[in-house]
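Down below is the structure, laid out as structure tokens.
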Amino acid sequence: MKKRIRTEDIKGMKNRDYVVFYVNGKRIEVRDERIFLPLANFLRYENDNTGTKIVCAEGDCGACTVLQAKPKREQLNDVPLDYISCNSCILPVFLLDSCSVITVEGMELSQSQLDPIQESFVRCNASQCGFCTPGFIMATASLYEKKSQPTKKDVQNYLTGNLCRCTGYDSIIQAGCDVENANRNKLQDRYFDPSMTQDLLNHSQKSIYLDFGEQCKYFAPTSLSEAVTIHAEHKTKIISGATDLGVQINKGRYRDRVFLDLRFISEMHEIIDNQDSITVGAKVNWEMLRRVTKSTHPKFSEFLHLFASPQIKNVGTLVGNIANASPIADSTPYLMMAEALLHLKSIDGERQVPIVDFYKGYKDLNMQEHEFITHITIPKPKREAIIKLYKISARRDLDISCVNMAARMEVNEGIIVGFRLAYGGVGPVVKRIYDVENFLIGKDVNPTTIQKAIEMIPSSITPISDVRGSMTFRYRSAQNLLKKFFFEWQRENPNRGSTALSAK
């Protein structure tokens, strides 16, 4: 292990050179390169919490699920923490700084008494090979932290991020439904400790500077100005929820470890509701975004149900998804259709870039040296706008898209007065289809117009063949999704179009 190099305080800030967190109520400090370990590895091999299983190491199967909670700056130390589920196999230890973690070992009430959730799994024979069981128990625990009398649908929703390779889902779901919860204490009450909360709050107000050599650094500043300086001086990689980067690290595809974490900067966690838009900070996770957009962007909020598991939505971020620049990102078609605006910051100042101009090529971004994304502003849709989002994938839920699409239309007396269309999975970047948009505006909604628009799609996209779908399939899917948009609109509004459209 390399010798740790202590860093100097920057601009008089009170900094620290370690991370601190609690596991099942036990305080842990890490002052060496173990901060870069996935949490699951640390729990199993450094802390003897072997109940947490590592199976996929990609955040897909949920066997490694644990609960985490972090106090908010405005939170009083006499208020219980709010525990959420996460995948510990892809979560670096440093992202747990100033957090409380509960593993499956922390569920039991005593050495001779199981938690009612565990008892239900035993009673319903919900464990077969047993590898997935700790993750299912922790995911179920996250549900019962939120709801005292969950429905079967609630159980199914909360367990979507957990995979049972023995196909014992019926008994697992039954166990989730049959928990004797009437007299059960929530984990947030069982692990409530004002001194722990105060300790975590105190540490969250101190910047972290850990330097183990040229390619091994971790910075977590408490101010945006501090972050800008660090990013310029050390050429850092911004890390958010690690839902993608954590996988790349586990698979050996990303070896440099020079990370900048914005989690201690309060404005990065804000969603500002403006009159005509919302502005989302870089650290706003998917679950928070989904709740807020129920009222501001309802179709987008509905779509987020298909986007990821609870474990991923609890830590992954919208801005991280944007910066990852995947051509099949599920959020980007909607953001392009909505004409969202990115806020970039660097030592040279601030800049705003429309998201439609952000992707210059595959993983090639319209960002200047030292810039990073701090916020994104998403205009609110007009009340009369018809908006639909589609996703084609091997599975309906929790799967990577083959083709996705977002479309928005305004119609006045059968005439299209506004139209926006964006596709993912049909080229090196997510793309607005301006030719089709311009063609449709001012046209009557009728089969001839729609067919001409559909026939224009192939000349506007450049799909490839890969493991998720052939080039021909993507061409056909892109055309069919546009046709589906108009057919569904006609079906929902039979008196607004001039001529009925065929579903064939």
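The values are calculated or read from the model by the stated rules, or taken from the named source; none is laboratory data. Everything quoted here is computed from the prediction, not taken from an experiment. Every residue, glycine among them, receives a Cβ derived from its backbone with ideal geometry; neighbour counts consider all protein chains shown. Calculation scope for accessible area: heavy atoms of the full protein, side chains included, ligands and nucleic acids excluded. Shrake-Rupley method; radii C 1.70, N 1.55, O 1.52, S 1.80 Å.
Check whether at least one residue in segment 85-102 is more than 19 Å from residue 19 (Cβ to Cβ), assigned to a loop (DSSP other than H, G, I, E, B) and not acidic (Asp, Glu), and report yes or no. No, every residue in segment 85-102 fails to be more than 19 Å from residue 19 (Cβ to Cβ), assigned to a loop (DSSP other than H, G, I, E, B) and not acidic (Asp, Glu). Scanning segment 344-368 for residues that are in a strand (DSSP E or B), in contact with a helix residue (DSSP H, G or I) (Cβ under 9 Å, 6 or more places away or on another chain) and within 24 Å of residue 234 (Cα to Cα) yields a count of 3. Take residue 381 and decide whether it is under 27 Å from residue 281 (Cβ atoms), part of a loop (DSSP other than H, G, I, E, B) and open to solvent by 20 Å² or more (accessible area, probe 1.4 Å). Taking the combined requirement at face value, the residue satisfies it. Spot the failing condition for residue 167; the list is (1) out of contact with any Ser or Thr (no Cβ under 9 Å at 6 or more places or on another chain); (2) open to solvent by 60 Å² or more (accessible area, probe 1.4 Å); (3) closer than 30 Å to residue 79 by Cα, and only one is missed. Every condition holds for residue 167 apart from (3).
In the condition set (1) of a type in the set (Gly, Ala, Ser); (2) touching a strand residue (DSSP E or B) at 6+ places or on another chain (Cβ under 7 Å); (3) under 20 Å from residue 279 (Cβ atoms), residue 346 is compliant with all but (2). Search segment 304-332 for residues being out of contact with any helix residue (DSSP H, G or I) (no Cβ under 6 Å at 6 or more places or on another chain), part of a helix (DSSP H, G or I) and open to solvent by less than 20 Å² (accessible area, probe 1.4 Å), and hand back the single one that is nearest to residue 83 (Cα to Cα). That would be 311. Scanning segment 206-225 for residues that are under 23 Å from residue 21 (Cβ atoms), of a type outside the set (S, T, N, Q) and open to solvent by 10 Å² or more (accessible area, probe 1.4 Å) yields 206, 211, 217. Looking across segment 255-265 at every residue that is open to solvent by 60 Å² or more (accessible area, probe 1.4 Å) and out of contact with any helix residue (DSSP H, G or I) (no Cβ under 7 Å at 6 or more places or on another chain), the one that is nearest to residue 342 (Cα to Cα) is identified as 256. Here residue 154 clears all of (1) in contact with a Cys (Cβ under 8 Å, 6 or more places away or on another chain); (2) open to solvent by 10 Å² or more (accessible area, probe 1.4 Å) except the condition numbered (1). The residues of segment 243-254 that are touching a Phe, Trp or Tyr at 6+ places or on another chain (Cβ under 9 Å) and surrounded by fewer than 18 Cβ atoms within 10 Å (Cβ to Cβ) amount to a single one, 248. Of everything listed in (1) within 24 Å of residue 175 (Cα to Cα); (2) within 27 Å of the chain's Cα centre (by Cα); (3) of a type in the set (A, V, I, L, M, F, W, C), the single unmet condition for residue 79 is (1). Taking segment 403-461 as the range and being assigned to a strand (DSSP E or B), without any contact (Cβ under 8 Å) to a residue 60 or more places away in the chain and among the polar types (S, T, N, Q) as the test, only 412 passes. When 51, 62 are checked against the criterion of being open to solvent by less than 10 Å² (accessible area, probe 1.4 Å) and of a type outside the set (Phe, Trp, Tyr), a single residue qualifies: 62.
Scanning segment 229-242 for residues that are open to solvent by 10 Å² or more (accessible area, probe 1.4 Å) and more than 22 Å from the chain's Cα centre (by Cα) yields 229, 231, 232, 233, 234, 235. May I ask you to say which residue of 177, 164 is of a type in the set (A, V, I, L, M, F, W, C) and out of contact with any Lys or Arg (no Cβ under 9 Å at 6 or more places or on another chain)? Of 177, 164, the one residue that is of a type in the set (A, V, I, L, M, F, W, C) and out of contact with any Lys or Arg (no Cβ under 9 Å at 6 or more places or on another chain) is 164. State yes or no: is residue 186 of a type outside the set (Val, Ile, Thr), farther than 22 Å from residue 60 by Cα and without any contact (Cβ under 8 Å) to a residue 24 or more places away in the chain? No.
Restricted to segment 291-306, and to residues there that are in contact with a Phe, Trp or Tyr (Cβ under 8 Å, 6 or more places away or on another chain) and either of a type in the set (A, V, I, L, M) or free of Cβ contacts under 8 Å to residues at least 60 places away in the same chain (or both), the residue that is farthest from residue 380 (Cα to Cα) is 304.
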